[in-house]
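Have a look at the structure below before the remarks.
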Amino acid sequence: MATLNANDIIEQLNWRYATKEFDSSKTIPAETIAALEEALVLTPSSFGLQPWKFYIVEDAAVKEQLPAVSWNQQQPKDCSHLVVLAARKGYKREDVGAFVARMAEVRGVSEESLAGYEGFAGGFVDQANEQGWIDAWAQKQVYIALGQLMFAAAALGVDACPMEGIDPAAYDRILGLEDSGYSTVVACPLGYRAAGDKYATTAKVRFEKSDLIQRI
């Protein structure tokens, strides 16, 4: 299987930055957006349960409303596509059952043959609900998807800006998520940097590798 060149990966990761200004005249091609959507779908998750949904916002009228609930940051309005990553609220054992049904369909096996998996994953979900941290678990899973999206965007030469500086409840209201069973966790505008964004050429500041990585 062909692999990406290691130097190319590092070069793209050095190229990327949290884009502060997008060129609103530029639009990401459909085939590139399709690839980024597929990257989101392929994100790994705990037990494979995928307790999330991803909303791709293209509508200019909707995007226009978002800076006011994003600490007045303009990226949600000026970007080509805004990805809103939402977590499943109140994930239940029945949701595990829905995934088991999908697994049986994809792999061509019976649901009964997956009883061991259902018991294991379902037991985890039951425990998380009993102990009151199921929503925190789902929200943490969303950040795995955010990382995958940002890496895929960098590899494809698409600029991105992860944004926690938003009002999640307001996003839910504007996007119509309040009764959807999902709630906004984080947003990630995608597009192409504006020529005048000074942060594009500002040196990255990272601690030395020796300060961050320790071999045991």
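The table below lists the values:
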| read-out | value |
| --- | --- |
| Theoretical FRET efficiency, 1/(1+(r/R0)^6), r = Cβ-Cβ of Ala18 and Asp167, R0 22 Å, to 0.05 | 0.70 |
| Mean shadow area of the range 76-127 over all directions, Cα convex hull, nm² | 5.4 |
| Charge dipole (debye, nearest 20) of the chain; +1 at Cβ of Lys and Arg, -1 at Cβ of Asp and Glu | 600 |
| Cα point-scatterer Debye curve for the chain, base-10 log of I(q)/I(0) at q = 0.12, 0.14 Å⁻¹ | -0.76, -0.97 |
| Lysine pair number, Cα distance threshold 30 Å (strictly under), the range 29-212, separation 8 or more or different chains | 19 |
| Helical contribution to [θ] at 222 nm, DSSP H n ≥ 4, -39,500 (n - 2.57), averaged over the chain, rounded to 500 | -13500 deg cm²/dmol |
| Options Met1, Ala18, Met163, ranked by Cα towards positive dipole end of the chain, top entry (Cβ charges) | Ala18 |
| Listed peptides 148-159, 45-56 by packing density, highest first (mean Cβ within 10 Å) | 148-159, 45-56 |
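Where a number appears in this text, it was derived from the coordinates with a stated rule and is not lab data. Source: prediction; values computed, not measured. Positions of Cβ are backbone-derived with ideal geometry, glycine not excepted, and every protein chain shown enters the neighbour counts.
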